[in-house]
Structure formats: C-alpha cells, structure tokens
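Trainee: There's a structure below that I have some questions on.
The values are calculated or read from the model by the stated rules, or taken from the named source; none is laboratory data. Worth saying up front: this structure is predicted, and the values here are computed from it rather than measured. Methodologically, a virtual Cβ is constructed for each residue, glycine included, from the backbone with ideal geometry; neighbour enumeration extends over all protein chains shown.
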Amino acid sequence: MAAIIDIHPPRTVRPRKATAESFFSRWLIISTAVGFMGLMFVLPLVVIFQEAFRKGWEGFIEAFDDRATMHAIWLTLKVAAITVPLNTLFGLAAAWCVSRFQFRGKRFLTSLIELPLWVSPVIAGMVYVLLFGAQGLFGPTLKEHGIKIIFALPGIVLSTIFVTFTFVARILAPQMEAQGQAEEEAAMTLGANGFQMFWRVTLPKIKWGLLYGIILCNARSMGEFGAVSVVSGHIRNKTNTVPLHIEVLYNEYQFVPAFAVASMLALLALVTLILKTLTTTRRGAA
Amino acid sequence: MSIHIHHISKTFGSFQALKNVDLEVKTGELVALLGPSGSGKTTLLRIIAGLEFADAGEGSIQFHGTDVTNCSAYERKAGFVFQNYALFNHMTVAENIAFGLRVMPRVTRPDREEIDRAVAELLRRIALEGYGSRYPSQLSGGQKQRVALARALAVGPQVLLLDEPFGALDAKVRKTLRKWLRQFHNETKVTTLFVTHDQDEAFELADRVVVLHEGDIQQIGSPQQLREHPKNEFVADFLDCVMI
Ligand SMILES: Nc1ncnc2c1ncn2[C@@H]1O[C@H](COP(=O)(O)OP(=O)(O)OP(=O)(O)O)[C@@H](O)[C@H]1O
Ligand SMILES: [Mg+2]
C-alpha cells in the first residue's frame, strides 16, 4: 500500500503542476501556429488588398475597365463553368465505384484519384501538349480536322479538369464507404429505381460532402496556374485566364491592376474558406 | 405468392456461403430460417430479394411460378426488413413509411391524401401514433424495428423477408413483437420467410422451420417434426433434443 502511494504522489499537488506545464507548452504551440499562419497567410492577404487599393477605390475600379482583364475573368468563369460540373460527375462516379464495388485494381484507382495532388501541374500541362500539340501524337490528325486544343479553350479546360479531378472524389469516397449502402438497398426493395435511389437516399446523405468538394474544385479551377500556363500560350484576349493575366500585368509593372485582379482571387479564397467551414460543421452535425 | 428456390449456390471469392439450396415457401406460409451465425441465412434472404445474385448456373428463383432469377431488387419488390433496420436517417418516421408509395410510377401512385391515410393507419398498427414526425435517431431499437416493418408493409408486398427482426431487442420486447407478428400474419397471410437463430422463436411462430448449417439445408419440417425426428446429429444438437 505504502509503495503505491510513493509511486503516485498526492493528487492535490500533481494536477496543478501538470496544468501549469501544459498551459505553457500549449501557449507555445498555439502562438507558434498562429504566428506562422499570420506570417504566411494573413500578411500576404493584407498586402494584396493594400496594394489593390493603393490608388483608392477609383484605381481599383479602373483596373477592371480593361478589355484584356474582362476577357480573362470571362474566360476563367467559362473554364470553371465547364470544369466544375464535369468533375462533380466524374468525382461522384469515381467515389461510387471505389466505395460500392469490389474489383481488381481498385486500390490502383484509389491512388489514381489522388494523382493530381502529387503530380506537378506543369507535367499535367506537358502531357496534353505532347498528346494534342502541333508536334504531338494526335497533332496532325487534329490539324487535319481543324480542331485546336492546345493554345485554346479545350486545352485549358482539359488541364484544369486534370488538376481539379481529385477534390469531389477524394472527399466523397471515404464518406460513402463509411456510410455503407444499406439504405440504398432498402430503397431498392421498396421499388425505387436507380435514379430515385440516388436522388432521394444517396444525395441527401452525401450533400454536405459533395458541396464541400464542389467548392474546393471551383476554387482550384479558377486559381490554377501551372498546368494552364503550359497549354494556354498566354495569348492576350484569347487564352489568358485570371491567374495568367495577373502575372502578365505584374510583369508589365502594372501593380495596381495586378493586385486588384489578384484581390478577386483572394476574395474567392476567403469565400471558399467560409463556405468550407460552414459545410464542415454541417457535415459534422449530420 | 409462393417462393421457389431451386439449386441456388453462392460463392464469395473462394468461400461457398450457400451450397445447392432448394426451398419452397407456399403462399401464405410463415417459414423460419434457423441456423447458427455465419450459416448463410442473410445471404439466402438477400438472394431472394435480389440484393445479391446467386452463382451463375442451373439455379433459379421463382415468385409464384414466374422466373425472377435475373430480376433486380426493385423489380421483385420483396418486402425486406434488415438485420440493422436500414431506416432512412434523414427522413422522418412518416416519410420512411411513405417512401415505397412515393416512388411508385405516376399511374399507380396513390395521391397525397391516400398516402397520408395509409401512413397514419400503419402508425396505428405498429402502435406508434404521434411518432410520425420524429427522426429514426430519436427512436428506441424496438420502435425502429416496427418502423422498418411498417415501411416494408406500406407497399403491400406479396412476400415478406425478415432478417432477425427481433435480433437486437430484449426478451420482453421480443415476446410482444413475436405475438404481434403472429397475429399480423394471421390477418394478412403474406408469405413470410424470417431469419432467426433463436429456436424458441422459430418454433413458436413458424408453420415450418428450415435448419441451415454452413450453407447447407439440414432439414425442413414443422416444429413438431423437427423436435420429434431430427434428421441428423447437427439438427438434434442445435435444437437441443435427443436423436431417436
Ligand atoms: N459480401 C461478402 N463477402 C464475403 N463473404 C461474405 C459476404 N457476405 C457474407 N459472407 C460470408 O458468408 C457467410 C454467411 O454469411 P451470412 O451473413 O449469410 O450469415 P448469417 O447466417 O446471416 O449469420 P448471422 O446470424 O451472424 O447474421 C459468412 O461466413 C460470411 O462471412
Ligand atoms: Mg445475418
């Protein structure tokens, strides 16, 4: 009995000391994390807006009164409008495959879904140039039929799809796997066809995860630089998306317009962050 | 409606879960499928419902003489109550029960008032009046079980497949529900196949009992036949009676 008491010191002393230590280390860890994030994320964000408004509201508005800028915004919206719905469908299909079926090569497909996360976007762009470019594998055939993919919208869309493919699938697959398919089976025995089953049972179960994936996919498709840069050719008023256009402006020392347009992307990031937090809470609550 | 199961086998990878099963459930019969855990009871039920497909070959399944071997679950529309309920968690109790009616094709679908009336009637039947607007997470196990049953019954199935309907409930609730099911079956005479690993339950409820072991049917017979003439060691041992 005495030995046990020796090993475990009186309770009244120990906890206070423990909290004191953990308070200090916790404080250290939190302040390091907050300081790092402030330096790396918040400060740049502040700088972007500060530069954008260097010449006040008028300078800011003026930046958008420019044909090339408006064209870049319009092109980016177009690319996102094509990419996001397609990748939502692809992502749903991929997540469905991975979570509902057992088949050979399933593990390979699962890691393929993550490919865009560990392959450099530049490589994604290069692959399309090698396939569809003038000197590429399908180049001559495409030229014969007058189809232009590289240095044109299709190429930009293709490489954006490649880069953003992962989001919806990656978020949904584990969620759908965990939920199982008992409810879907119940729906089928009650006479629901495939569409009714998806619409009334599956979709309500995954809607917050799906929304989360779509938001991330959208943010990335509007902000993608590397892959698009390779295939677009930077043709002003033609194939310059917003990120590429920002670089062009910056390189031409047009700082206020460059940061004004950049602030749009920053705003998109902030909105994404807010929506992401909201959907994550809802996902947690559901 | 009768169910004919003819030479059904099921293999998962290299594991044979069902071995050449033959079984007939007559119209209006209440048959119990009895067997130890892992004997293939759920697998057989799922194959009958069309949620799983038997190994290709000579096996076939007929509903009332019509071959449904290659029909999907939603074409067969067998009422199925799952071992773990599988209620729609994002729908209320009333919406759960109404589901089967709401997904009917427009021509045969009852109108909204008829559906509401049918749901109210079913809620009364399962003694859950006033629970219609609750969500499944707000129900006890026994209540969930009854909702699952009502949901399956709403579409008026010709065949009812129950997978351990009272499995997760305490002895007292089991007894009440058992009585309730027997009475319900007497009233409606829906052809019913229910799974259990509780022999008392099987003997008390069923017209006939099927004993399954390692995917093989050991014996089919009335409770009395089984008790008095167990066919082999396993049946005798499992039913805890002496072989004569
Ligand atoms: N999808 C599957 N993949 C592989 N094996 C399976 C699958 N489903 C069932 N099995 C195997 O088939 C056998 C029969 O399973 P089944 O679920 O039919 O048993 P059961 O009689 O319902 O048991 P319990 O009383 O525990 O519910 C088990 O050995 C199980 O491991
Ligand atoms: Mg089972």
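Trainee: Can you tell me which residue among B:Gly38, B:Gly28, B:Gly57 is more than 14 Å from chain A (Cβ to nearest Cβ), more than 12 Å from the chain's Cα centre (by Cα) and either within 16 Å of ligand 1 (Cβ to nearest atom) or without any contact (Cβ under 8 Å) to a residue 40 or more places away in the chain (or both)?
Mentor: Working: B:Gly28 fails: either within 16 Å of ligand 1 (Cβ to nearest atom) or without any contact (Cβ under 8 Å) to a residue 40 or more places away in the chain (or both); B:Gly57 fails: either within 16 Å of ligand 1 (Cβ to nearest atom) or without any contact (Cβ under 8 Å) to a residue 40 or more places away in the chain (or both).
One residue alone meets the criteria, B:Gly38.
Trainee: Looking at this structure, is B:Pro105 within 13 Å of another protein chain (Cβ to nearest Cβ), free of Cβ contacts under 8 Å to residues at least 24 places away in the same chain and either more than 16 Å from ligand 2 (Cβ to nearest atom) or within 26 Å of B:Lys41 (Cα to Cα) (or both)?
Mentor: On the way: within 13 Å of another protein chain (Cβ to nearest Cβ): yes; free of Cβ contacts under 8 Å to residues at least 24 places away in the same chain: yes; either more than 16 Å from ligand 2 (Cβ to nearest atom) or within 26 Å of B:Lys41 (Cα to Cα) (or both): yes.
Answer is yes for this residue.
Trainee: Just give me the residues in region B:75-97 being surrounded by 19 or more Cβ atoms within 10 Å (Cβ to Cβ), within 7 Å of chain A (Cβ to nearest Cβ) and over 30 Å from B:His7 (Cβ atoms), in sequence order.
Mentor: B:Phe88
Trainee: Something else now. Filter region B:108-125 down to the residues that are buried (at least 16 other Cβ atoms within 10 Å of the Cβ) and either among the basic types (Lys, Arg) or away from every other protein chain (no Cβ under 14 Å) (or both) and list them by number.
Mentor: So the first thing to find is which residues in region B:108-125 are buried (at least 16 other Cβ atoms within 10 Å of the Cβ), and the list is B:115, B:118-119, B:122-123, B:125.
The answer is B:Leu123, B:Arg125.
Trainee: Now a separate question. Looking at A:Leu45, is it over 17 Å from the mean Cα position of the chain (by Cα), in contact (Cβ under 8 Å) with a residue 24 or more places away in the chain and not assigned by TED's automatic domain parsing to the domain that holds A:Ile206? Let's see the steps before the verdict.
Mentor: Numbers: over 17 Å from the mean Cα position of the chain (by Cα): yes; in contact (Cβ under 8 Å) with a residue 24 or more places away in the chain: yes; not assigned by TED's automatic domain parsing to the domain that holds A:Ile206: yes.
Criteria met by A:Leu45.
Trainee: Here's another thing I want to ask about it. Name the single residue, out of those in region A:106-117 being within 24 Å of A:Thr202 (Cβ to Cβ) and away from ligand 1 (no atom under 16 Å from the Cβ), that is farthest from the other protein chains (Cβ to nearest Cβ).
Mentor: Here is the first cut: in region A:106-117, the ones within 24 Å of A:Thr202 (Cβ to Cβ) are A:106-107, A:109-110, A:112-114.
After this cut, where a residue has to be away from ligand 1 (no atom under 16 Å from the Cβ) as well, the list is A:107, A:109-110, A:112-114.
On the way: A:Arg107: 16, A:Leu109: 20, A:Thr110: 20, A:Leu112: 24, A:Ile113: 25, A:Glu114: 27 Å.
Looking at residues that are within 24 Å of A:Thr202 (Cβ to Cβ) and away from ligand 1 (no atom under 16 Å from the Cβ), I get A:Glu114.
Trainee: Given the structure, is B:Gly79 in contact with a Pro (Cβ under 8 Å, 6 or more places away or on another chain), more than 16 Å from ligand 1 (Cβ to nearest atom) and not aliphatic (A, V, I, L, M)? Reasoning before the result, please.
Mentor: On the way: in contact with a Pro (Cβ under 8 Å, 6 or more places away or on another chain): yes; more than 16 Å from ligand 1 (Cβ to nearest atom): yes; not aliphatic (A, V, I, L, M): yes.
Criteria met by B:Gly79.
Trainee: Follow-up question, since we're still on this one. In this structure, is A:Ile171 in contact with a Gly (Cβ under 9 Å, 6 or more places away or on another chain) and either aromatic (Phe, Trp, Tyr) or more than 14 Å from every other protein chain (Cβ to nearest Cβ) (or both)? Write out each step before concluding.
Mentor: Working: in contact with a Gly (Cβ under 9 Å, 6 or more places away or on another chain): yes; either aromatic (Phe, Trp, Tyr) or more than 14 Å from every other protein chain (Cβ to nearest Cβ) (or both): yes.
So A:Ile171 passes the test.
Trainee: A follow-up question, please. Considering only region A:182-252, give the helices (runs of 4 or more DSSP H) lying wholly within it that have at least 3 residues that are away from chain B (no Cβ under 14 Å), crowded, with 20+ Cβ neighbours inside 10 Å and on the phi < 0 side of the Ramachandran plot. Steps first, please.
Mentor: Numbers: elements: A:182-189, A:194-197, A:203-223, A:226-232, A:242-251.
Here the list reads A:203-223, A:226-232, A:242-251.
Trainee: Give me a count of the residues in region A:122-175 that are in a helix (DSSP H, G or I) and within 18 Å of A:Thr83 (Cβ to Cβ).
Mentor: Total meeting the criteria: 24.
Trainee: Among A:Thr88, A:Thr76, which is the only one that is among the polar types (S, T, N, Q), in contact (Cβ under 8 Å) with a residue 24 or more places away in the chain and within 19 Å of A:Arg236 (Cα to Cα)? Before you say what the answer is, go through the steps one by one.
Mentor: On the way: A:Thr88 fails: within 19 Å of A:Arg236 (Cα to Cα).
Residue meeting the stated conditions: A:Thr76.
Trainee: Give just the number: which of (1) within 16 Å of ligand 1 (Cβ to nearest atom); (2) out of contact with any Lys or Arg (no Cβ under 9 Å at 6 or more places or on another chain) does B:Tyr85 not satisfy?
Mentor: (2)
Trainee: Which of the residues that make up region B:127-165 are farther than 20 Å from B:Lys179 by Cα and of a type in the set (Ser, Thr, Tyr)?
Mentor: B:Tyr131, B:Ser133, B:Tyr135, B:Ser137
Trainee: Kindly evaluate B:Ser72 against the criterion of being hydroxyl-bearing (Ser, Thr, Tyr), surrounded by fewer than 22 Cβ atoms within 10 Å (Cβ to Cβ) and within 13 Å of chain A (Cβ to nearest Cβ).
Mentor: Values: hydroxyl-bearing (Ser, Thr, Tyr): yes; surrounded by fewer than 22 Cβ atoms within 10 Å (Cβ to Cβ): yes; within 13 Å of chain A (Cβ to nearest Cβ): yes.
When the stated conditions are applied, B:Ser72 passes them.
Trainee: Find all pairs meeting these conditions: Cβ atoms under 9 angstrom apart; at least six residues apart or on different chains; first residue within region B:168-180 and crowded, with 17+ Cβ neighbours inside 10 Å; second residue among the β-branched types (Val, Ile, Thr).
Mentor: Between residues of region B:168-180 that are crowded, with 17+ Cβ neighbours inside 10 Å and residues that are among the β-branched types (Val, Ile, Thr), there is no close pair.
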